[in-house]
1. I want to confirm something. Restricting to the range A:187-206 and keeping residues that are surrounded by 14 or more Cβ atoms within 10 Å (Cβ to Cβ) and modelled with pLDDT under 90, which single residue is farthest from residue A:300 (Cα to Cα)?
2. Does the range B:671-679 contain at least one residue that is touching a helix residue (DSSP H, G or I) at 6+ places or on another chain (Cβ under 6 Å), in a helix (DSSP H, G or I) and either exposed (fewer than 15 other Cβ atoms within 10 Å of the Cβ) or more than 11 Å from chain A (Cβ to nearest Cβ) (or both)?
3. Can you give me the number of residues within the range B:138-147 that are surrounded by fewer than 24 Cβ atoms within 10 Å (Cβ to Cβ), touching a helix residue (DSSP H, G or I) at 6+ places or on another chain (Cβ under 9 Å) and part of a helix (DSSP H, G or I)?
4. Cβ contacts < 8 Å: first residue more than 10 Å from every other protein chain (Cβ to nearest Cβ), restricted to the range A:310-326; second residue outside any helix (DSSP H, G or I) and at pLDDT 95 or above, any location; separation 6+ or different chain. Result?
5. For the range A:490-530, which positions are more than 14 Å from residue B:91 (Cβ to Cβ), touching a residue at least 12 places away in the same chain (Cβ under 8 Å) and facing chain B (nearest Cβ under 8 Å)?
6. Go through A:352, A:337, A:360 for me and flag whichever is buried (at least 24 other Cβ atoms within 10 Å of the Cβ) and within 11 Å of another protein chain (Cβ to nearest Cβ).
7. Of these, A:431, A:419, which one is more than 26 Å from residue A:169 (Cα to Cα), within 11 Å of chain B (Cβ to nearest Cβ) and not in a helix (DSSP H, G or I)?
8. Pick from B:667, B:709, B:702, B:654: which is more than 30 Å from residue A:262 (Cα to Cα) and surrounded by 12 or more Cβ atoms within 10 Å (Cβ to Cβ)?
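The values are calculated or read from the model by the stated rules, or taken from the named source; none is laboratory data. Nothing here was measured: the structure is a model prediction, and the numbers come from that model. Using ideal geometry, Cβ is built from the backbone for each residue, glycine included, and neighbour counts are taken over all protein chains shown.
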């Protein structure tokens, strides 16, 4: 059975679309009654996805040896002709690069739903979350450039509606900015992909070449051709490789986002509902990093070497500048959003280091940030939900009044600032090792960022968790009301995320070993390691 | 004996060593969760002391397991024992020269040697005693009701961090547990989170140490890259690789010993932060915002020792033959930082009125002694030919051992001093409560409250407590004597060695005269501020009504004091077992020479050097610390107890002596006390003010600017493009007039244009 197409992509896609159209058919007055069954069905699908991917990890499904897949070979691979004349195929598969991201998505879907269990208009909200997950998984499993691009743009639609319908006061502006900004960058990327498509030699287009164009969108075949050409020459020539590299990277850098293309992110996050933020930070940003590894790094290693330093500068600025800007924020969620920019810089630095350990650090950072940042946004969401404010300092002394929010915040903040034995530290330390080897004294920048990261997190905790005492005044509009704490579903979500953070912090090798196997194989092929 | 013998002894650390770390670590969530569930229940408060009686057996089990590990190790008399628990991180590396992909790992395992043995004992032993003390201190104060579970949970996590750091077998895991302790100290310093001062102090402690940690982690990255070629298939940060003589030789041959010194120097900055040395010392005094057991735990017995431990761990690298003479600059830097801090902290301690703050600065000063001693020992190990010359070998190992033994003595004494100060504060607090209660009763009508103004920690409110708190006063006396260096007890055995060795290096390397003079002068200053503290607290007449009503209550507090008093007094036994030799020389056994010869051997090094220069020096140091300092303190602060108060016979001579000196030699120091130096010392030499101002003005100002820049310029550019395209489209749209005449005209113009273009092309 084609597990990936049918279960991982098809099932959530079909179920969510069916449910959404069902809501459309029902008269408006009856819709609220659908919230509970809709939530239940989508939640069950999410749990199924989680169980299936976890089964894949343990080898219960498919008996895969995740450490022995190699480079540009895939498991659960399936290919069907889609548009014959253009050489478009429905081509899916998993390897150690994409699988952690797929598992992460499947893990975050039910957790996100739990964290926002009682979101308003749940009959539309929960199916949209599921649709979001389906399109995200679609991006990670695509092995055809056309299909990749389709899913890449499809992810925008559910997120656009999540921001637009459930967002804050300026949601309209934020949703449009998010859509237009990333879409514009994607168009440049699309131009790059199409150019790449037409530059193929028809003789090398493989079995699925289009009957009309004689070329194919098949990424596996293309990678094969590029790898062969890159071993004793430069695939497509030095100039063309550089041009295409820049075009593709632009799309991915905006999505990541790297400074100075990051300004859509704080707006989108601040306006997005909690669930949207959790998936946006947890998975959607990683699409950019994943895309870099999957296409430009694989196809254009020579251009990568050429632009190594520029890429490092992008990462460096994102990391250091992002951290400094964090320190100047007064809005809690905006601070966390900028911290994402800062952490995404680590991924760029890992790629720029051109060391296997740097790649592994980047991959593990994608994964670790994917677990930690949803917790950060869940905390922000709970803060907003219960105190009706996002301003740092609106509520002090939470340790006394809302111990669960305070504990979750302390935990999430500490994980994000890279406390050892929590998931983020491993990636940071590995990165520093690789970074010093490649760039030497530039390491002082990331070092500075480490200190500033601690500063903004600690300073914000000083003004939220601590202080206050007996004289604590709840924020305006809440005088005289009982001071709230997390509700049960939020507690459960926090506990799950915290447990995962600890698990992958103490035993990082669970996920890291396969990432490392991938980078080893990649380096042998791309950079000629013996 | 030397670095070469460190690796490959083949001795295994028993697997139950994991329990030492694991038990307290697992107790953390248990206590936290139970506390959250059962807070307010009577059995939880009474029978389990809000988690204190869960922590107690856990820490006891940890101590027993530690003792078993230590006993087995000492019985085997081996240089070191190791065992790997798990391959933590596996990864690949592309060799820059060959392009080859090599495999590496970062592993977690145990490493036990003589230094480990000592620190493992210090940590597990003091953690248990402090746990007992906490039950007396924390659970009798209503302020702590329903939050003690948080204290005990964080406490056990803290202990597991310290024990893990001591036991782990690589610099990476040292750092991991080091950070875990950083987290716990943050949580415990901020235990009274509702006080802004505690929140501020917690943040300050974490951030200041974090600045050091950044350098430490960069140093580790450098170190990994240096040892990478020699650790293929293994862990380049493991002690067994880093200490290996052949690896160090290869690094020296490659001309990279300068890079190695740089890496170690960066790591040393981490130690400076963690051990509160100049210029990252500002967090320690503020950390007294935590409850007193936390001060005892973190700021005397365990966490601050982490930095010393890190530097001590570098000894095999400094001592390697391959690195001969390469690291003298770094050794000097370590000694210099120590010398400056020792003197500075002692000066500031002169004017502190808060009992715990005096102890905080005393901690800082004594840690600085150890740094100076380590610096001198590292210099000697790096410069002398101690692998082949027996005399040089003795000098090096005794210098190193003296520094480590001072760590031991200081930890025992300071743990006791902090607990004794906690006892004083606790009883002052309760006495104040009682007195205040009576007052309330008497002056019922005017509703006068002085609760908020009374400072139970200020020595200005104490005095004459020697008769009221006999056990506490004795503990305080023994602890102070140990810190001062009274012959034959505690710190005496190690401190004189540190001073002598710093001078020994100064004779070879004149740069060392600066730290050498500083530590010698500080010996006298130590005598002054420790005596001042004791006399202000325990001698003279009670300065307030509260102090007159103090008495010892709960049994949990004196127990650890009664255990630690003989511990400090019996340093002579450890010394006779040649502690300084054993700690410094990985090739030796404990008690090799027999007790009497061992005693004489240590005496020679501490007290009766054959070399007349060192003999004179030692007596100058003893004279300064035992006569000049305490006499000045007696003259200023001594005095007889109140009438009818009778101190215990062994305390009486001290009180009487102080009264006599005070009567005879009293001098007026008001001019000095009101001078600008005293003011500067009150303000802690303005370091805190400068740092705060720098953070506020530079860091916060710059980040606010960056936030504005991001909104206006970076996002502004995007908004500019957006509004630009909107206005363009508005203009384009204005062409769409809806009038048929305009359209026909435009179509005609367009056709004409196309025709022109076609004509041009053709």
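1. Of everything passing the filter in the range A:187-206, A:206 is farthest from residue A:300 (Cα to Cα).
2. Looking for residues that are touching a helix residue (DSSP H, G or I) at 6+ places or on another chain (Cβ under 6 Å), in a helix (DSSP H, G or I) and either exposed (fewer than 15 other Cβ atoms within 10 Å of the Cβ) or more than 11 Å from chain A (Cβ to nearest Cβ) (or both), one finds at least one in the range B:671-679, hence yes.
3. 1
4. Going by the 8 Å Cβ cut-off, there are no qualifying pairs.
5. Answer for the range A:490-530, where residues must be more than 14 Å from residue B:91 (Cβ to Cβ), touching a residue at least 12 places away in the same chain (Cβ under 8 Å) and facing chain B (nearest Cβ under 8 Å): A:524, A:527, A:528.
6. Every option except A:360 fails the conditions.
7. Result: A:419 is the single residue among A:431, A:419 that is more than 26 Å from residue A:169 (Cα to Cα), within 11 Å of chain B (Cβ to nearest Cβ) and not in a helix (DSSP H, G or I).
8. Only one candidate qualifies: B:654.
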